[in-house]
Amino acid sequence: MNKNRKKILGYDIDLISFQDAIEYLKTRIDSKLGTHIITINPEIIEQADKNQDLNKIIKESELVIPDGVGIQIALKINGIKQERIPGVDLALELIKLSEKENYSIALIGAKEHVIKKTEQNLENEYPKLNIVYARNGYFNKDEENEIINNISQKNPQIVFAALGAPKQELFINECRKKLPNSTFIGIGGSFDVWAGEVERAPELFRKTGFEWLYRTIKQPERFKRIYKTLPVFLFKVIIECVNN
Ligand code: UDP
């Protein structure tokens with residue numbers, strides 16, 4: 001499949017529908033083509049501007065999905081109408097696909113009780129799901145090598161890393177060296193949602209692009225992150241658009 005991409009502030013973003021993203025990923029998994037899915041948003045872009053490693057990882061990744069509403073607005077400023085693809089939704093669809101196709105999966109991230117509950121909930125909901133590895137996301141650099149060795153011995157076809165950005169992207173980058181044929185996705189706080197620790201926003205908020213507002217009301221500490229990043233990001237996008 002030929003994907004269309006649009007560069008925003010130097011970062012390529014895939015212009016793809018949710019369904020096409022799943023089909024694209026299925027083809028890659030079946031063909032054993034290693035894939036790193038980045039769920040891009042303005043905060044990750046801000047971090048990547050300051051972190052060369054993250055910058056390189058994003059630029060070399062095979063699929064960059066427009067996760068944040070900020071990205072959707074940035075594309076709109078550039079005259080492109082693109083549906084938002086929340087990483088948590090794409091990941092859940094990959095879980096369903098994994099059950100159907102019997103793909104082996106690994107889960108890494110979140111606190112110990114959260115990953116345990118996530119595993120339990122997924123096994124209840126998708127009884128044929130083949131989870132070959134699950135671990136919490138709290139470890140130091142020394143433990144990382146051992147974890148990567150353990151994961152690679154299990155040879156999962158898909159690795160879901162919910163460690164928050166940029167930790168998950170850097171971790172995935174290391175893990176890919178041992179598992180070049182696997183698919184990886186960094187999904188932030190998704191295990192907290194799957195474990196039932198954090199509620200997803202009601203559909204009205206999600207459909208209208210205001211999930212961030214709901215999450216900010218529920219977790220006010222997020223406000224600092226968003227209000228500092230989004231206006232500056234959109235300002236830069238407008239300047240870029242005017243200059244092109
Ligand atoms: N986390 C982790 N290891 C760490 C730091 C964070 O596993 O060293 C987990 C944390 O428990 C939470 C997730 O990473 O489940 C980060 O969630 P957040 O909502 O900050 O991520 P976002 O969705 O905003 O990227």
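Read-outs: derived from the displayed coordinates by stated rules, not from any lab. From a predicted model like this one, the values you see are computed outputs, not experimental measurements. Counting neighbours? That spans all protein chains shown, and the Cβs are built from the backbone with ideal geometry, glycine included.
Over the chain, what relative contact order in percent results from Cα pairs under 8 Å that are six or more residues apart?
About 23 percent, as a whole number.
Whole-Hz ³J(HN,Hα) for each residue in the stretch 171-184, computed from phi via Karplus 6.51 cos²θ - 1.76 cosθ + 1.60 with θ = phi - 60°, x for glycine and proline: what do you get?
Couplings: 5, 4, 4, 5, 5, 4, 5, 8, 10, x, 9, 9, 9, 10 Hz.
In cubic angstrom, how much convex hull volume per residue do the alpha carbon atoms of the stretch 160-228 span?
Convex hull of Cα atoms, per residue: 113 Å³.
In terms of the ratio Rg/(2.2 N^0.38 Å) built on C-alpha atoms, what value belongs to the stretch 73-181?
Against the compact-globule rule of thumb, the ratio is 1.19.
So how strong a dipole does the stretch 84-125 carry about its Cα centre when Lys and Arg Cβ are +1 and Asp and Glu Cβ are -1, to the nearest 20 debye?
That gives the stretch 84-125 a dipole magnitude of about 160 debye.
Determine the relative contact order of the stretch 156-244: mean sequence separation of Cα pairs under 8 Å and six or more apart, normalised by residue count, in whole percent.
In percent, rounded to a whole number, it is 22.
Debye calculation, C-alpha points only, no solvent: report log10 I(q)/I(0) for the chain at q = 0.08, 0.17 Å⁻¹, in the same order as the q values.
Log10 of I(q)/I(0), two decimals: -0.29, -1.41.
Calculate the all-directions average of the projected area of the stretch 1-65's alpha-carbon convex hull, and give it in nm².
On the way: hull surface 17.4 nm².
Projected over every direction and averaged, the Cα hull of the stretch 1-65 covers 4.3 nm².
In the structure shown, do any of Lys56/Lys177; Lys32/Lys178; Lys26/Lys207; Lys32/Lys141 have a Cα-Cα gap over 20 Å, and if so which?
The answer is Lys26/Lys207; Lys32/Lys141.
Could you work out the relative contact order of the stretch 1-79, using alpha carbon pairs under 8 angstrom and six or more residues apart, expressed as a whole percent?
Reported as a whole number, the value is 34 percent.
Arranged from highest to lowest average of other beta-carbon atoms within 10 Å per residue, in what order do the peptides 74-82, 175-183 appear?
Highest to lowest by the protection proxy: 175-183, 74-82.
Which residues' amide hydrogens lie under 5 Å from the amide hydrogen of Asn130, considering only partners 5 or more residues apart or on another chain, with H built in the peptide plane?
Ile105
Roughly how many whole Å is it from the C-alpha centroid of the stretch 1-59 to that of the stretch 112-159?
23
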